[in-house]
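Inspection log for the structure reproduced underneath, given as structure tokens.
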Amino acid sequence: MRKANSTNTINKEQLEKNCGIAYTNAIVSGRWKLSILAFLLDEKKLRYSELRNRLTGISERILIAQLKELQADSLVNRISYPEVPPRVEYELSKKGLTLKNILIEMAEWGTQHAPK
């Protein structure tokens, strides 16, 4: 955790405020965030366990943290149903859906340029 008034934090905030690429990178950076967004784009809604099963190698702690960050940035909606046992689903928010073209372009670029 960075100090709120450190030079590094101030520089980061200033860069993200003035550079759209830096802001976008800050929002979607993280090893699993783009994969989570891509699965939700393809599947529309996924239960927590379905996401966990698709993301081979992710730990429970990291998945929860990444989902919380995506929710905090208003990219993902968490839908909790009052059932026993509890059921929770995730979907892209309206803001998250605006990343559709970017995610598709990134997937196409990666397919074309990934090492064979």
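The values are calculated or read from the model by the stated rules, or taken from the named source; none is laboratory data. Please read all numbers here as calculations on a predicted model, not as lab measurements. No Cβ is skipped: glycine too gets one built from the backbone with ideal geometry, and neighbour counts run over all protein chains shown. Heads up: the accessible areas ignore ligands, DNA and RNA and are worked out on the full protein's heavy atoms, side chains in. Shrake-Rupley method; radii C 1.70, N 1.55, O 1.52, S 1.80 Å.
A few remarks follow.
- Protein accessible area in the chain, 1.4 Å probe - carbon and sulfur %: 55 percent
- Once the 1.4 Å probe is applied to the protein heavy atoms, the chain comes out at 72 Å² accessible per residue.
- When each full DSSP H helix of the chain is screened for a Cα extent of at least 27 Å along its own axis and an average Kyte-Doolittle hydropathy of at least 0.0, none passes.
- The chymotrypsin sites (Phe, Trp or Tyr not before Pro) found in the range 33-116 include none that occupy coil by DSSP while having at most 15 further C-beta atoms within 10 Å.
- Largest to smallest accessible area among 34, 63 [probe 1.4 Å]: 34, 63
- Loop-resident sites, the range 16-60, for trypsin sites (Lys or Arg not before Pro), counting at most 11 other Cβ within 10 Å (DSSP): 31, 44
- Adding -39500 (n - 2.57) for every DSSP H run of four residues or longer, then dividing by how many residues the chain holds, sets the calculated 222 nm ellipticity at -17500 deg cm²/dmol.
- All C-alpha to C-alpha distances of the chain, sorted into 5 Å bins beginning at zero, yield P(r) values of 2, 10, 18, 20, 19, 13, 10, 6, 2, 0 percent in whole numbers.
- Theoretical FRET efficiency, 1/(1+(r/R0)^6), r = Cβ-Cβ of residue 107 and residue 79, R0 25 Å, to 0.05: 0.45
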